[in-house]
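Derivation of every value follows stated rules applied to the coordinates shown; laboratory data play no part. All of these numbers come straight from a predicted model, not from anything done at the bench. Every residue, glycine as well, gets a Cβ built from its backbone with ideal geometry; the counts of neighbours run over all protein chains shown.
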Amino acid sequence: MKTTILYIGKHPEILNIVVRLLNANEDWDAIGVSEEAEAESIFTSTAVDVVLLGCGIEQESEENLRTFFTKHNPDCKIIQHYGGGSGLLRSEILVALES
């Protein structure tokens, strides 16, 4: 079964790149959104294993999202991802999944 990853980012170009990189892994299924409401909607209708919070999300929104995700699925892994290349991204996800 594939790991479902929800990426939330405010920069469309970066969002597209991250989702493409994630979906290049045959074990992962990535969904990318830029709006918090859309992220919450997807999260409640899809079994999300990992949430990646990208750059551009304001502090208050990030805190609200973390609270929402944790309340609805305490087992979901939430990772702050600011960039750093595909190797770092892969490592961040694998470490989160192992913990």
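Some notes on this structure:
- Spin-label model distance (nm) - Cys55 vs Thr70, 7 Å beyond Cα toward Cβ: 2.6 nm
- Taking the range 70-99 and a reference point 7 angstrom along Cα→Cβ of Leu21, the backbone N atoms nearer than 17 Å belong to 79-97.
- Here the Karplus curve 6.51 cos²θ - 1.76 cosθ + 1.60, taken at θ = phi - 60°, turns the phi angles of the range 90-99 into couplings of 4, 4, 4, 5, 4, 4, 4, 5, 7, 7 Hz, with x standing for Gly and Pro.
- Using just its DSSP H runs of length 4 or more, each adding -39500 (n - 2.57), the chain gives a mean residue ellipticity at 222 nm of -15500 deg cm²/dmol after division by all residues.
- Under 12 Å from the Cα of Lys2 - aspartates and glutamates, other chains or at least 8 residues apart: Glu26, Asp27, Asp29, Asp49
- Translational diffusion of the chain was estimated from the Stokes-Einstein equation, with Rh taken as the Kirkwood radius over Cα pairs; at 37 °C and 0.692 mPa s the coefficient is 247 µm²/s.
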